[in-house]
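Chemist: One structure follows; several queries about it will come next.
Where a number appears in this text, it was derived from the coordinates with a stated rule and is not lab data. Note that the structure is predicted; figures quoted are calculated from it, not measured. Glycine also receives a Cβ, built like all others from the backbone with ideal geometry; neighbour counts cover every protein chain displayed.
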């Protein structure tokens, strides 16, 4: 039964992430190879506030991780990429 709750929470989190056009755009831009924050700033037409706010959310919710200054998608992030 605990697994059903986890699955429901996972789907709700994925749904919430997919509702935001900015988050979907960021996830697509990061892609499977990853990007630095500077690369995302140059590529995306988002304000610095929008970019930071949404990256922070994606990091906190486990869709993105940072490794050596490069933002990379987690397993959940790749799932979001496939849904977007």
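Chemist: Please compute, over every Cα-Cα pair in region 2-83, the percentage with a separation greater than 18 angstrom. Mind showing how you got there, number by number?
Modeler: Details: 1208 of 3321 pairs.
Tail of the P(r) past 18 Å holds 36 percent of the pairs.
Chemist: For the pair residue 56 and residue 42, how long in nm is the line joining their label points, each one 7 Å along Cα→Cβ?
Modeler: 2.6
Chemist: If the label point is 7 Å along Cα→Cβ of residue 70, which residues in region 33-51 have backbone nitrogen under 15 Å from it?
Modeler: Only 33-40 fall inside the zone, counting backbone N under 15 Å.
Chemist: Also, quick follow-up: Between 0 and 90 degrees, rounded to the nearest ten: what's the tilt of helix 21-30 against the longest Cα principal axis of the chain?
Modeler: Helix 21-30 sits at roughly 70 degrees to that axis.
Chemist: May I ask you to order 76-82, 12-18 by the average number of other C-beta atoms within 10 Å around their residues, highest value first?
Modeler: Highest mean packing first, the order is 76-82, 12-18.
Chemist: Going by alpha carbons, how many degrees (0 to 90, nearest 10) lie between the helix axis of 48-60 and the longest principal axis of the chain?
Modeler: For helix 48-60, the angle is close to 30 degrees.
Chemist: Another question about this same structure. Over region 18-84, what is the relative contact order in whole percent, taking alpha-carbon pairs under 8 Å and six or more residues apart?
Modeler: On the way: 80 pairs, mean separation 28.1, N = 67.
42 percent.
Chemist: Can you give the FRET efficiency to the nearest 0.05 for residue 29 and residue 9, using r as the Cβ-Cβ distance and R₀ = 22 Å?
Modeler: Details: r = 26 Å, r/R0 = 1.20.
The value I calculate is 0.25.
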